[in-house]
1. Of the conditions (1) surrounded by fewer than 12 Cβ atoms within 10 Å (Cβ to Cβ); (2) of a type outside the set (D, E, K, R); (3) within 30 Å of P247 (Cα to Cα); (4) modelled with pLDDT under 90, G18 clears all except one; give me its number.
2. Look through segment 107-130, keep the residues that are buried (at least 16 other Cβ atoms within 10 Å of the Cβ) and over 16 Å from the mean Cα position of the chain (by Cα), and return whichever of them is nearest to A52 (Cα to Cα).
3. Could you tell me whether I95 is within 30 Å of S219 (Cβ to Cβ), among the hydrophobic types (A, V, I, L, M, F, W, C) and at pLDDT 90 or above?
4. Of all residues in segment 154-167, count the ones that are surrounded by fewer than 14 Cβ atoms within 10 Å (Cβ to Cβ) and either in contact (Cβ under 8 Å) with a residue 12 or more places away in the chain or aliphatic (A, V, I, L, M) (or both).
5. Criterion first (closer than 27 Å to A178 by Cβ and buried (at least 23 other Cβ atoms within 10 Å of the Cβ)) does G230 satisfy it?
6. Which pairs turn up if I take residues in segment 78-103 that are over 24 Å from S281 (Cβ atoms) and look for partners that are of a type outside the set (S, T, N, Q) and in a helix (DSSP H, G or I) with beta carbon separation below 6 Å, at least 6 apart in sequence or on another chain?
7. Is it the case, given these coordinates, that A170 is hydrophobic (A, V, I, L, M, F, W, C) and free of Cβ contacts under 8 Å to residues at least 24 places away in the same chain?
8. Among D289, D293, which is more than 17 Å from the chain's Cα centre (by Cα) and closer than 29 Å to L171 by Cα?
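The values are calculated or read from the model by the stated rules, or taken from the named source; none is laboratory data. Computed from a prediction, not measured in an experiment: that's the story for all the values here. In this analysis, Cβ positions are derived from the backbone assuming ideal geometry, glycine residues included, and neighbour counts consider all displayed protein chains.
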Amino acid sequence: MNALKREWLLDQNPASRGQARLGQFYLGWLRLVRNPLAVIGLIIIALLIFMAAFAPLIAPHDPIAQNLAGRLQPPLSPGHLLGTDEFGRDIFSRIVYGSRVTLYIVLLVTLTAPIFGLLIGTVAGYFGGWVDTVLMRLTDIFLAFPRLILALAFVAALGPGIGNAVLAIALTAWPPYARVARAETLTVRKSDYIAAVQLQGAGAGRILARHIAPMCVPSVIIRVTLDMAGIILTAAGLGFLGLGAQPPLPEWGLMISSGRKFLFDFWWVATMPGLAIFIVSLGFNLLGDGLRDVLDPRSTGK
C-alpha cells in the first residue's frame, strides 16, 4: 500500500490539481529530510511546539509560585532539574511556560509583518513609477534603523507590555519581506502568463492576489523562517530591558534580566533561559536553510 501511495504521489502525469500539489509537497519533504541539519532544526521546533502545548503536563511546578526557602538552588537539586531563581521559582518550569510566550510572539509577528510586507512589495513591483518610489523610500526609512532600536522607540511610545512589544516588532520586521516580494514581482510582471491574464480583462487586484503573490510566497516563507531567530532575540531584548513581557510572566529575556545580577555566583539563573533562546534560534535557522533548498525556485532540487 505504501508503495502504491508513493507511486501515486510521484506520478509524472497527475490526474488532478490536488494530486499534483501533494506530489510537489512530497518531493519537497523528501528533499528536506535528506538534509540532516534541517531535520535537527525541525525536531527542535517540534519540541518547542510540544512543550508549549503541554506545558501544564511537562512543568513540575507552578512557574510563578515563590518559595524563598528554596531560592538559588543549583541544577540537579532534588525536584529542580535546572535549579531555582532568586525567588525560589523552578527555572525549568519557567522555561517551559516561557515557550508559550515565545510562540505567541512568533505567531503574531508571522501573521502580520510578512503579509504587510508582501502587500507593499507586490504593489510596488507591479505598478512601478511613483508608487514604487514612494513605497520603497518608506521601506528604506525603516531599514535605515537597527530593528531593536526602532522597536525600542515604538515600545517607548506605546508603553511596556507584551502586546505592544509584538506590535513594535511587527512594525519593524516588514521591510525585508517587502524587498523580497518586490524583487520577485519585478521578475514575473512582464511574463507571458501575466500578459495573457491582462488580455482576458483581469484587474490589477486579481493579478496581484492570484498570479503574482503566490509566486512570491516561497521566498517570503524562507525569509520568515530565517527571521524567526531575529524576532525571538528582539523580543528577548525588549524583555531584558523591561519593555516587553512584565513580571512575573516567565519570558526568557525577562528571566535573563532578573538573573544577570547573580551571573558570577549563581550562573544558572541567567544561563538556562539564555541556552533556551540559543537552541530555539538555532533550530529556526537550521530549518530556514533547509526550506530555502526546498522552496527556492532557482534550486536545482537534487
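1. Unmet condition: (3).
2. That would be L119.
3. Working: within 30 Å of S219 (Cβ to Cβ): no; among the hydrophobic types (A, V, I, L, M, F, W, C): yes; at pLDDT 90 or above: yes.
Considered against the rule, which asks whether it is within 30 Å of S219 (Cβ to Cβ), among the hydrophobic types (A, V, I, L, M, F, W, C) and at pLDDT 90 or above, I95 comes out as no.
4. Selection size over segment 154-167: 2.
5. Working: closer than 27 Å to A178 by Cβ: yes; buried (at least 23 other Cβ atoms within 10 Å of the Cβ): no.
When the stated conditions are applied, G230 does not pass them.
6. From segment 78-103, the pairs are T84/G70; G88/L68; G88/G70.
7. So A170 does not fit the description; no.
8. Working: D289 fails: more than 17 Å from the chain's Cα centre (by Cα).
None of the other options fit; the residue is D293.
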